[in-house]
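Undergrad: Got a structure for you, written out below as structure tokens; questions coming shortly.
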Amino acid sequence: MSITERAGRRRRRGEQPMVPKAEFQSYYGRPVIKAPSWAAPDIAGYFFLGGLAGAGSVLAAGAQLTGRTTTATALKVSSLTAVSLSAAALVHDLGRPARFANMLRVFKPTSPMSMGSWLLSVYGPAAGAAAASAVTGRLPRLGGAATGAAAVLGPAVATYTGVLAADTAVPAWHGAHRELPYLFGASATAAAAGMALVTGPAHENTPARCAAGLAALADAAAEKAAERRLGMVAETWREGRAGTLLRAARVLTAAGALGAAAFGGRRAPAVASGLALLTGSACTRFGVFAAGMASAEDPKYTVVPQRERLDAEGGGGADTQVE
Amino acid sequence: MSEERVGFFTDTTVCIGCKACEVACKEWNAIPEDGLSLSAMSYDNTQALGASTWRHVAFIEQPKPEGRTQLPLADEESGDGEMRWLMSSDVCKHCTHAACLDVCPTGSLFRTEFGTVVVQEDICNGCGYCVPACPYGVIEQRPHDGRAFKCTLCYDRLGAGQEPACAKACPTESIQFGPLDELRERAALRVDQLHEAGTTEARLYGADPDNGVGGDGAFFLLLDRPEVYGLPPDPVVTTRDLPTMWKHAGVAALSVLGGLAACFAVSGRPGTGRGRR
């Protein structure tokens, strides 16, 4: 009978030791955990835009301090646009968008989403004031203070999203909880450097070209470290949609950084390199998002690492009392 | 906790798969219908816990383990002994360290005076963070509603001194409700009894206060590995690693700041020639 065959095929019979280690047991192949209902354009999109805004605010402050005013203004506008789109995406993704204000109902350090909401509610107005002052030329001292505040909070906006993803039971995210903030920080820096290359004049873009190179190196290193840490779960970073996106991200980020370093002194190659960096950063975020989804939807990635951990400890069930 | 902590002990060895718990839960809590599909998963057409399924009976047909004494209960047609049924009514574990509660940004999820974990539906804004945070895949957002729902351990009934609807409806006392300490003692005795009867594969799941979630408010006596029932073998509350994550996020943020500052430092001012070709 087919059901019996299914049951037999899906499950190991008893405790036969000759069964290869890769095999695992599950309930009709159904996932153990539930994948988030988050939409990729909203949440992976937010990871990208939040990073672009946050790291962009640092570049904007640096550009302003060193007299690169065109780049500074462009990045302030870019950060304001990105953080506004982020807020829109986050509210849009809620099951009850009208209740978005409940995000500020409590202040809760155990919830990265609560911390992020508070962070955005301070960073957003700062980025807005910085951009408004730069564009209109009014209230320059307030604009300067806002630029500074956005530059201090920006890196936190860029990296906390790594914690937001990792603080879940999703194997491909939680397993890389030490590496994700670095990967997201590097990816955010690459995006912001890309935006500076696209919007700023060539004679102002030396720091952005330097940042692009650093970010590309850090991005590659963090991703490698994450995959090493993840063990068998790293499959989800290498295969399927996530694999395609992350491969594209690696090529685009490397090409953008090399292009910026070699030919960034001229306008057209600088713009092309900047676009490659921006697209590469977006691919990184959508790739990591897709890897998480794939790891949540297959019980293998939940069961096998936990089972291996138990077997290493010499246990049988979660807290078996068999003597 | 102003009251004694209460919970469920689900003894799957006496579950007969009647699904009275599923029905009683739906009825009492007025949970909407959530699809009538045939799953081809034995008698399990409910398939999983979710926003509109707060009790779920799993049905497993498997070859009987060799060389063990049969349970009298499971041995009615003794002799042909090829297959055995495993049936288990799953439910929210009401963890001591509940990831859903920890990550909820609105404070909608809270710990009750009975030590259970409940969603306040008038506060939940449907952010969905609790859904991937749960290591058991219990809580879920209801489509077309958007908010997250799960077992409340019949918070309204507890307040009135009643036991939860599922435990009340269970005809075999597979689902036992009571003070958690008392249930743990009872469960340990039951395991000893089963081991003496030769059912050596009997094991408790979620009863240990030292497990990855600090002990489950709803725990189980299983006859096979947890993953066979669709349960994670060694779940750990994700927020256990949150201090490490915040630390790394802080270092990463400072690296972004420092890295970019260094880029500006080596590049100098535009037009000065330094750092430009």
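The values are calculated or read from the model by the stated rules, or taken from the named source; none is laboratory data. Being a predicted model, the structure only gives us computed values, none of them experimental. Positions of Cβ are generated from backbone atoms using ideal geometry, with glycine treated the same way; all protein chains shown enter the neighbour counts.
Undergrad: Of all residues in the stretch B:222-271, how many are assigned to a helix (DSSP H, G or I), within 26 Å of B:ASP192 (Cβ to Cβ) and not charged (D, E, K, R)?
TA: So the first thing to find is which residues in the stretch B:222-271 are assigned to a helix (DSSP H, G or I), and the list is B:226-229, B:238-267.
Next cut, within 26 Å of B:ASP192 (Cβ to Cβ) only: B:226-229.
Checking the rest, the ones that are also not charged (D, E, K, R) come to B:226, B:228-229.
Within the stretch B:222-271, residues that are assigned to a helix (DSSP H, G or I), within 26 Å of B:ASP192 (Cβ to Cβ) and not charged (D, E, K, R) number 3.
One line per residue, one yes/no per condition, for (1) away from every other protein chain (no Cβ under 14 Å); (2) touching a Ser or Thr at 6+ places or on another chain (Cβ under 6 Å); (3) over 20 Å from B:GLN47 (Cβ atoms):
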residue: B:GLN141; (1), (2), (3): no, yes, no
residue: B:LYS150; (1), (2), (3): no, no, no
residue: B:GLY161; (1), (2), (3): yes, no, yes
residue: B:PRO164; (1), (2), (3): yes, no, yes
residue: B:GLN176; (1), (2), (3): yes, no, yes
residue: B:LEU180; (1), (2), (3): yes, no, yes
residue: B:ARG184; (1), (2), (3): no, no, yes
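Undergrad: Please identify the pairs in which a residue from the stretch A:156-182 that is surrounded by 24 or more Cβ atoms within 10 Å (Cβ to Cβ) has its Cβ atom under 6 Å from the Cβ atom of a residue that is modelled with pLDDT under 95 and assigned to a loop (DSSP other than H, G, I, E, B), counting only partners at least 6 apart or on another chain.
TA: none
Condition check ((1) among the polar types (S, T, N, Q); (2) within 9 Å of another protein chain (Cβ to nearest Cβ); (3) under 23 Å from the mean Cα position of the chain (by Cα); (4) closer than 22 Å to B:TYR129 by Cβ) across all residues:
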| site | (1), (2), (3), (4) |
| --- | --- |
| A:PHE48 | no, no, yes, yes |
| A:LEU80 | no, no, yes, no |
| A:ALA88 | no, no, yes, yes |
| A:MET103 | no, yes, yes, yes |
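Undergrad: Another question, if that's okay. Quickly run through the stretch B:1-37 and pick out the residues that are of a type in the set (A, V, I, L, M, F, W, C), touching a Gly at 6+ places or on another chain (Cβ under 9 Å) and either at pLDDT below 95 or assigned to a loop (DSSP other than H, G, I, E, B) (or both).
TA: Once the filter is applied, which keeps residues that are of a type in the set (A, V, I, L, M, F, W, C), touching a Gly at 6+ places or on another chain (Cβ under 9 Å) and either at pLDDT below 95 or assigned to a loop (DSSP other than H, G, I, E, B) (or both), the stretch B:1-37 yields only B:MET1.
Undergrad: Quick one: which helices (runs of 4 or more DSSP H) lie wholly within the stretch A:219-323 and hold at least 2 residues that are within 14 Å of chain B (Cβ to nearest Cβ) and not polar (S, T, N, Q)? So that I can check it myself, show each step before the final result.
TA: Numbers: elements: A:235-238, A:240-263, A:267-297, A:300-313.
Once the helices (runs of 4 or more DSSP H) in the stretch A:219-323 are filtered for at least 2 residues that are within 14 Å of chain B (Cβ to nearest Cβ) and not polar (S, T, N, Q), what remains is A:240-263, A:267-297, A:300-313.
Undergrad: Also: For the stretch B:139-192, which residues satisfy the criterion of being of a type in the set (D, E, K, R), within 30 Å of A:PRO36 (Cβ to Cβ) and out of contact with any helix residue (DSSP H, G or I) (no Cβ under 7 Å at 6 or more places or on another chain)? Can you show your working first?
TA: Step one: filter the stretch B:139-192 for residues of a type in the set (D, E, K, R), giving B:140, B:142, B:145, B:147, B:150, B:156-157, B:163, B:168, B:173, B:181-182, B:184-186, B:190, B:192.
Next, only the ones that are within 30 Å of A:PRO36 (Cβ to Cβ) stay: B:140, B:142, B:145, B:147, B:150, B:156.
Listed by number, the residues that qualify are B:ARG142, B:ASP145, B:ARG147, B:LYS150, B:ASP156.
Undergrad: Scan A:ALA166, A:ALA89, A:ALA127 and give me the residue that is of a type in the set (A, V, I, L, M, F, W, C) and in contact with a His (Cβ under 6 Å, 6 or more places away or on another chain).
TA: Just a single option satisfies the conditions, and that option is A:ALA166.
Undergrad: For the stretch B:239-250, which residues satisfy the criterion of being surrounded by 16 or more Cβ atoms within 10 Å (Cβ to Cβ) and either more than 7 Å from chain A (Cβ to nearest Cβ) or modelled with pLDDT under 95 (or both)?
TA: Across the stretch B:239-250, the qualifying residue is only B:GLY250.
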